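The values are calculated or read from the model by the stated rules, or taken from the named source; none is laboratory data. Source: prediction; values computed, not measured. All Cβ positions, even for glycine, are placed from backbone atoms using ideal geometry, and neighbour counts span all protein chains on display.
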Amino acid sequence: MSKIYIVEDDDNIRELVIYALEAANFEAVGFEESSRFFQTLKTSSPDLILLDIMLPNEDGTSILKKLKNNPKTGELPVILLTAKAAELDRVKGLDAGADDYISKPFSVLELVSRIKAVLRRSVTKKADFSLAINQLVLYPDKRLVTSDGQKVSLTFKEFELLHLLMSHAGLVLSRDKILEAVWGIDFEGETRTVDMHIKTLRQKLGESGMYIHTVRGVGYKVGD
């Protein structure tokens, strides 16, 4: 059963969507603003997110950008829900990484149909998606890493760290940015934690470990 998260501040719309999704055999969880939504994402992941643009405290566009910039949530399909019908708003949402866009008021049947279509595309995309640097290949959905065709066994944090670096190939990531993305903003450890995991990661990757470069005084990067 696919799990859908709905971020919508209008109680009536949120409850109607949850009811319709549950009737269509989806598991649906509603949020009226961003804080509890992001808190829940730390321990649970949906198959798709319905995201209203006009929200209190933090708007949907800002939430969408955070989702797409985080390697843990960047591949989650997102459908935007909004009262805005202007073409410019639709284009902005899609350019920011949304998979589809539905203007209010909308048909519940159409919404369910759009969700099913996006989920089908997502399954196909996930099955084919991989990150590769020469003989080093990472499959995010399978949580699989291979080096020269051989499977590499990594811990959860090692995989997340490599995923982050390979998702930003060629870019230097500071230790602080890595800590926030992989360990979370509430982590109270030191940046040395990153160095220790990088060392172990290089060892496990064997010859492919040479693709992880240290940028003195800044952090790390993968690739040229």
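Hey, can you tell me all the residues within the stretch 158-176 that are farther than 13 Å from Val222 by Cβ and either among the aromatic types (Phe, Trp, Tyr) or surrounded by 15 or more Cβ atoms within 10 Å (Cβ to Cβ) (or both)? Hits for the stretch 158-176 are Glu158, Phe159, Glu160, Ser174, Arg175.
Look at the stretch 57-76: where a residue is without any contact (Cβ under 8 Å) to a residue 60 or more places away in the chain and at positive phi and a partner is of a type in the set (Asp, Glu) and not in a helix (DSSP H, G or I), sitting 6+ places away or on another chain with Cβ atoms under 6 Å, you get Asn57/Glu33.
Among the residues making up the stretch 73-99, those that are surrounded by 19 or more Cβ atoms within 10 Å (Cβ to Cβ) and modelled with pLDDT of 75 or more are Leu76, Pro77, Val78, Ile79, Leu80, Leu81, Thr82, Ala98, Asp99.
Give the number of residues within the stretch 25-60 that are modelled with pLDDT under 90 and crowded, with 20+ Cβ neighbours inside 10 Å. Adding up the residues that qualify gives 3. Scanning the stretch 29-54 for residues that are within 18 Å of Ser122 (Cα to Cα), in contact with a strand residue (DSSP E or B) (Cβ under 7 Å, 6 or more places away or on another chain) and free of Cβ contacts under 8 Å to residues at least 60 places away in the same chain yields Pro46, Ile49, Leu51. Among the residues of the stretch 19-33, those that are over 18 Å from Leu76 (Cβ atoms) and within 22 Å of the chain's Cα centre (by Cα) comprise Glu32, Glu33. Scanning the stretch 207-224 for residues that are assigned to a helix (DSSP H, G or I) and surrounded by 14 or more Cβ atoms within 10 Å (Cβ to Cβ) turns up Ser208, Gly209, Tyr211. Scanning the stretch 34-56 for residues that are more than 14 Å from the chain's Cα centre (by Cα) and among the acidic types (Asp, Glu) turns up just one, Asp52. Any chance the stretch 168-183 includes a residue that's in a helix (DSSP H, G or I), assigned by TED's automatic domain parsing to the domain that holds Ile13 and under 19 Å from Gly74 (Cα atoms)? No, every residue in the stretch 168-183 fails to be in a helix (DSSP H, G or I), assigned by TED's automatic domain parsing to the domain that holds Ile13 and under 19 Å from Gly74 (Cα atoms).
Kindly indicate which of Leu119, Leu111 is over 30 Å from Gly217 (Cβ atoms), in contact (Cβ under 8 Å) with a residue 60 or more places away in the chain and under 16 Å from the mean Cα position of the chain (by Cα). On inspection, the qualifying residue turns out to be Leu119. Number of residues in the stretch 100-132 that are at pLDDT below 90 and more than 17 Å from Val17 (Cβ to Cβ): the value is 12. The number of residues in the stretch 136-154 that are within 15 Å of Lys72 (Cα to Cα), out of contact with any Lys or Arg (no Cβ under 7 Å at 6 or more places or on another chain) and not in a strand (DSSP E or B) comes to 3. Considered as a group, the residues in the stretch 145-157 that are surrounded by fewer than 19 Cβ atoms within 10 Å (Cβ to Cβ) and in contact with a Phe, Trp or Tyr (Cβ under 9 Å, 6 or more places away or on another chain) include one that is modelled with the lowest pLDDT, and that residue is Lys157.
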